[in-house]
Amino acid sequence: MDVGISILVWLVLSIVLVFMLLTGFAYTTLLERRVIARFQSRVGPNRAGPQGLLQPLADGVKLIFKEEIIPASADKVTFILAPLLAVIPAIVVFAVIPFGSSIELFGVKVPLTLAPNMNVGILYVLAITSVSVYGIVLAGWASNSKYSMLGGLRSSAQMISYELAMGLSLVALVVVAGTLDLNAIVEQQKQVWYFFLQPFGAIIFMITALAEVNRAPFDMPEAEQELTSGYNTEYSGMKFALFYMAEYIKMIVISALSVTFFFGGYREPLPLFLTQALPFLSVDHTPLLGPLYFGLKIIALLIVQVWVRATLPRFRYDRLMKFGWLVLLPISLAWVMITALVVLLRG
């Protein structure tokens, strides 16, 4: 592919991806509110537009016009940069996630991922997701508020604790897959998803992912009963909206990573015999179905995350930390050893 065309394709894909994430963030908030309303026998947002479809737009306009206040004693530069440090890593992670196989446009083969040749994709994911904690920690410190500071410290301790088990669950996946390349991992799941080969690894990954994005029942860094609102207590207007955006974009990213690692990625969610009988349902035959399958799987996992929030109460903080260190970490270590032993014996 010509260098000029490669740059143009990269720019177009980047713009499309950012647009999809921002739109997805907005409508994930609506999805959550409507699904929780159904769980609680309520209606949910239904006034702004047909079936409440314009509610995210109304919320965005409201936050844009809200007054922004910076505390007089805050570190102003860090206070302003912290929300950006929270939201940018969540978007950047998507660079290595394949959301479809290559398609041909105007005689040019276009890979549906921003970094199609990165053979250390899992290391990239772990590195970038580790950076996102700085936005929350710096927000708590820069606010010069005891409530915010405690919320930031809680968050850093929680995210570091659960990152260990998350990393080990991916080590077991790498042992089975034999590669760090996300494209290769997806292609290896053409016949069977890694969820069926790595059930404990998949469950550990999804539990730790909830803790990483501070979702219920692991939303202790906010803890409005004890810390007013945690690390974002002093934030308002669009700066608060950026933290809100970061949380929901992380939900989408975590769902996309779970789909990529354990649920076949953009591959068809159909038995092999069915795709052989109906080849037009196969991604190999109809590449444009890849992004559709990928999106439907992400929506399914987002609903599961909302379901967990509507079902489980918040952990007490000491139990949350104990669960990470004394339950998930030993189980993930044992699972890595069992996986390595099985691969060695079969190999």
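The values are calculated or read from the model by the stated rules, or taken from the named source; none is laboratory data. Model, not experiment: these values are computed from the prediction. Here Cβ is always computed from backbone atoms with ideal geometry, including for glycine, and neighbour counts include all displayed protein chains.
Taking the stretch 49-94 as the range and being in a helix (DSSP H, G or I) and of a type in the set (Asp, Glu) as the test, only Asp59 passes.
Rundown of residues vs (1) crowded, with 19+ Cβ neighbours inside 10 Å; (2) closer than 18 Å to Val259 by Cβ; (3) in contact (Cβ under 8 Å) with a residue 24 or more places away in the chain, yes/no style:
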{"residue": "Phe94", "(1), (2), (3)": "yes, yes, yes"}
{"residue": "Ile97", "(1), (2), (3)": "yes, yes, yes"}
{"residue": "Ile103", "(1), (2), (3)": "no, no, yes"}
{"residue": "Lys109", "(1), (2), (3)": "no, no, yes"}
{"residue": "Ala115", "(1), (2), (3)": "no, yes, no"}
{"residue": "Val120", "(1), (2), (3)": "no, no, yes"}
{"residue": "Leu126", "(1), (2), (3)": "no, yes, yes"}
{"residue": "Ala142", "(1), (2), (3)": "yes, no, yes"}
{"residue": "Lys146", "(1), (2), (3)": "no, no, no"}
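Against the conditions (1) among the acidic types (Asp, Glu); (2) surrounded by 14 or more Cβ atoms within 10 Å (Cβ to Cβ); (3) over 17 Å from Gly152 (Cα atoms), Asp75 satisfies every one except (3). If only residues of the stretch 81-127 that are within 22 Å of Gly178 (Cα to Cα) and among the β-branched types (Val, Ile, Thr) are counted, the one that is modelled with the lowest pLDDT is Thr113.
Taking each residue of the stretch 17-42 that is in contact (Cβ under 8 Å) with a residue 60 or more places away in the chain and more than 19 Å from Val92 (Cβ to Cβ) and looking for partners that are hydrophobic (A, V, I, L, M, F, W, C) and buried (at least 18 other Cβ atoms within 10 Å of the Cβ) with beta-carbon atoms closer than 6 Å, six or more apart or interchain, yields Glu32/Val306; Val35/Val306. What helices (runs of 4 or more DSSP H), lying completely within the stretch 174-266, carry at least 3 residues that are among the hydrophobic types (A, V, I, L, M, F, W, C), out of contact with any Lys or Arg (no Cβ under 6 Å at 6 or more places or on another chain) and surrounded by fewer than 22 Cβ atoms within 10 Å (Cβ to Cβ)? Here the list reads 194-197, 199-212, 237-262.
Checked against the criterion of being in a loop (DSSP other than H, G, I, E, B), on the phi < 0 side of the Ramachandran plot and in contact with an Asp or Glu (Cβ under 7 Å, 6 or more places away or on another chain), the stretch 327-347 contains not a single residue that satisfies it. Only residues that are assigned to a helix (DSSP H, G or I) and over 10 Å from Ala82 (Cβ atoms) were counted in the stretch 136-147, giving 2.
Tell me whether the stretch 20-37 contains one or more residues that are within 23 Å of Asn117 (Cα to Cα) and part of a helix (DSSP H, G or I). Yes, some residue in the stretch 20-37 is within 23 Å of Asn117 (Cα to Cα) and part of a helix (DSSP H, G or I). Based on what the data block shows, is Leu302 touching a residue at least 40 places away in the same chain (Cβ under 8 Å) and closer than 29 Å to Arg154 by Cα? It is true that Leu302 is touching a residue at least 40 places away in the same chain (Cβ under 8 Å) and closer than 29 Å to Arg154 by Cα. Of the residues screened, Pro98 is one that is in contact with a Phe, Trp or Tyr (Cβ under 7 Å, 6 or more places away or on another chain) and closer than 26 Å to Ile15 by Cα.
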